[in-house]
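Notes follow the structure.
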Amino acid sequence: MDRRIDDRVTRMVARGLVDEVRGLLEAGYHDDDPGMSGTGYREIGAYLRGEVGLEDAMEQIRRNTRKYARRQLTWFRHQLPAEAVRIDATRPLEEQVEAVLAAMRGADLRTPGERKRSTEGSPEKGTGGKP
């Protein structure tokens with residue numbers, strides 16, 4: 001993940017992030033305006049004001065992006081049910097598809113409501129297996 005973030009920040013700057021932020025500031029936007037406090041904009045704003053060098057601003061973007069990505073991963077981990085199939089999006093598409101298909105072959109594809117209905121009235125449910 002760190003390598004992808006590093007590469008992404010380098011590409012963002014190479015593709016004009018500094019000019020984009022400069023243009024927004026020249027158009028009258030301020031650091032506290034919606035959108036200007038997002039990762040990347042805030043750090044480049046500090047660079048344009050002479051508070052930090054470009055390399056330092058880029059390192060701050062990388063660090064803040066890593067923190068945000070970790071928070072996202074933690075959030076997602078708590079949102080998905082335990083039986084959710086986790087796919088590594090960095091793997092080739094064919095491997096991702098095979099992982100999904102393998103999970104589907106062994107999965108109970110009924111909806112939660114269908115599963116519940118199929119267990120209602122089951123003699124084992126709540127009776128210790130006694131009818």
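The alpha-carbon positions of the chain define a convex hull whose volume is 182 Å³ per residue.
For the stretch 1-67, GluC sites (Glu not before Pro) meeting the loop criterion (DSSP other than H, G, I, E, B) and having at most 11 other Cβ atoms within 10 Å: GLU51.
Hydrodynamic analysis of the stretch 2-79 uses the Kirkwood radius over alpha carbon pairs. Inserted into Stokes-Einstein at 10 °C and 1.306 mPa s, it gives a translational diffusion coefficient of 121 µm²/s. Relative contact order (percent) for the chain, with alpha-carbon contacts under 8 angstrom and 6 or more residues of separation? Normalised by residue count, the contact order of the chain is 16 percent. Computed from phi, the 3J(HN,Hα) profile of the stretch 31-43 under the Karplus parametrisation 6.51, -1.76, 1.60 (θ = phi - 60°) reads 4, 8, 6, x, x, 7, 9, x, 4, x, 5, 4, 5 Hz, with x in place of Gly and Pro.
Legend: calculated FRET efficiency, GLU94 to ARG8, from the Cβ-Cβ distance at R0 = 35 Å, rounded to 0.05, equals 0.90.
FYI, it's all coordinate maths here, none of it is from the lab. Note that the coordinates shown come from a computational prediction; the quantities given were computed from them, not determined experimentally. Note: ideal-geometry Cβ built from the backbone for every residue, glycine included; neighbour counts use all protein chains shown.
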